[in-house]
2 protein chains.
Amino acid sequence: MREVFHQSLEDVQTRLVEISDLVTIAIDQATRAFATSDVALAEDVIDNDKVIDDKAIALDELAIEILARQQPVARDLRIVVAALRVSASLERMGDIAEHIAQLTRMRFPERAVPKGLKNTFTKMGEIDTEVARTLADLLRTEDLSLVSRLHELDDELDALHLAVFEKVLSDNWQGEASATVDATLASRYHERFGDHALSVAKKVSYLATGTWSADTEGVDAEV
Amino acid sequence: MREVFHQSLEDVQTRLVEISDLVTIAIDQATRAFATSDVALAEDVIDNDKVIDDKAIALDELAIEILARQQPVARDLRIVVAALRVSASLERMGDIAEHIAQLTRMRFPERAVPKGLKNTFTKMGEIDTEVARTLADLLRTEDLSLVSRLHELDDELDALHLAVFEKVLSDNWQGEASATVDATLASRYHERFGDHALSVAKKVSYLATGTWSADTEGVDAEV
């Protein structure tokens, strides 16, 4: 029975890695589409989000099946419950990539990226992509040194998010209201992307060490 | 054993209702604080969000304990897994109330509610409060007629959300960049609040009827 259970868990892990690889592709494409107003690439991201959603639903079904058939307890049970949550977070990260793609499509043929913030958003996009790639590596390898790397990347995203607001609220901001709206929404999406990744990293870390870090799940919970 | 299980489920339900009652209070206070720049009330909301977070974590622990001790299968198992998800959604609704309160505090002593949008945001706040109250009633009574009421309320929120953007992007919008930022963020928070409620309603509906509506969980998943 333990053998079967561990085979099932490996299956869960493989699928989580697969979804996070798709999220990495989605956020990379979405942020490049946003930066270059590439509406065809944005459409690809929007279309492909369905694949991520379907895979997350399938993974949830597998987790429920494992609970029903193998009735895990203690740490094994927590791993399966954590997988349900990780899958929800990955799905939301895919949704954020889709939202960034939608902003690009909505403004086309205008540029979605507000003037004066091109470098900032390019940087945020690069960090998001590194966040997703690091998260996939963490799920693949369970190398906990990647958790602190994700903390660093999330801090960088938070700093850039603040920088966007400082810029938009400064006296020399010349953007029209539409640029202000886009900057606000896009920046928030990037910031949330990092938050979701960190929330996954904390779960992986919790399962490996048995303790939550000081800021628990409740505190950083997603909106 | 079934007796014990049903007692446990009732305990879960009671706690979900309790959390949704707290969310109703939080969103009512947060939206009134936002409308009237009542920073003391906003502080209350921010302080009290910790209570919602703690209760959600305690509920998750109870659900995991039920899974471990009573090893439910089939529909019973799905109810417990759904409770974990409902608790996550309610917690996020509490976080949104907190975010609205934080906007109020950040702008104080200025008004957070942008000029020309007071009526719109007052209306959104009233609808959010009715959403939360209806959701608490749904969890309490499992009266599925409340699900369609929640759909209606969510549609109203979506329409107001669009109206905010139309206003902000219209030629006669006189707001400064800070008003545009606040309108964008606040409106998005209100819209997300309705989405989370609908996501809970769909789970309740699914458990009662055994079928998902056309738009499944994956499609409306939260960011």
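Listed values for segment A:139-148 are Karplus-derived 3J(HN,Hα) couplings in whole Hz (6.51 cos²θ - 1.76 cosθ + 1.60, θ = phi - 60°), namely 5, 6, 9, 6, 7, 5, 5, 6, 5, 5, and x replaces Gly and Pro.
When B:Ser187, B:Ser145 are sorted by how many other C-beta atoms sit within 10 angstrom of their C-beta, beginning with the fewest, the order is B:Ser145, B:Ser187.
Test of understanding: ordering B:Leu207, A:Leu185 by Cβ neighbours within 10 Å, fewest first, what list do you get?
B:Leu207, A:Leu185
With a Cα cut-off of under 18 Å and a minimum spacing of 8 residues unless on different chains, the lysine pairs in segment B:2-209 number 4.
Over the Cα atoms of segment B:26-156, the radius of gyration divided by the Kirkwood radius equals 1.07; this is the Rg/Rh ratio. Distance from the Cα centroid of segment B:9-30 to that of segment A:161-208 is 29 Å (rounded to whole angstrom). The relative contact order of chain A, computed from alpha carbon pairs under 8 Å that lie at least 6 residues apart in sequence, is 26 percent. Rounded if a/c is under 1.5, else prolate if a/b is larger than b/c, else oblate: which is chain B, with a ≥ b ≥ c the root eigenvalues of its Cα gyration tensor? Taking the square roots of the gyration eigenvalues as a ≥ b ≥ c, chain B is prolate. Placing +1 on the Cβ of every Lys and Arg and -1 on the Cβ of every Asp and Glu, with nothing else charged, gives chain B a dipole about its Cα centre of roughly 100 debye. The largest-to-smallest principal axis extents of the Cα set in the protein assembly as shown are 66, 44, 40 Å. Sorted fewest first by neighbouring Cβ atoms within 10 angstrom, A:Thr122, B:Thr184, B:Thr209 come out as B:Thr209, A:Thr122, B:Thr184. Other protein chain C-beta atoms within 10 Å of residue C-beta, averaged over B:72-81: 3. In nm, one decimal, shortest first: how far is the label point of A:Leu144 (7 Å from Cα along Cα to beta carbon) from the matching points in the other copies? Sorted ascending, the copy-to-copy spacings read 4.7 nm.
So what is the orientation-averaged projected area of segment A:48-101, using the convex hull of its C-alpha atoms, in nm²? Mean orientational projected area (segment A:48-101, Cα hull): 3.4 nm².
Read the figures in this text as sums done on the coordinates, not as results from a lab. Please read these numbers as outputs of a predicted model, since none were measured by experiment. Counting neighbours? That spans all protein chains shown, and the Cβs are built from the backbone with ideal geometry, glycine included.
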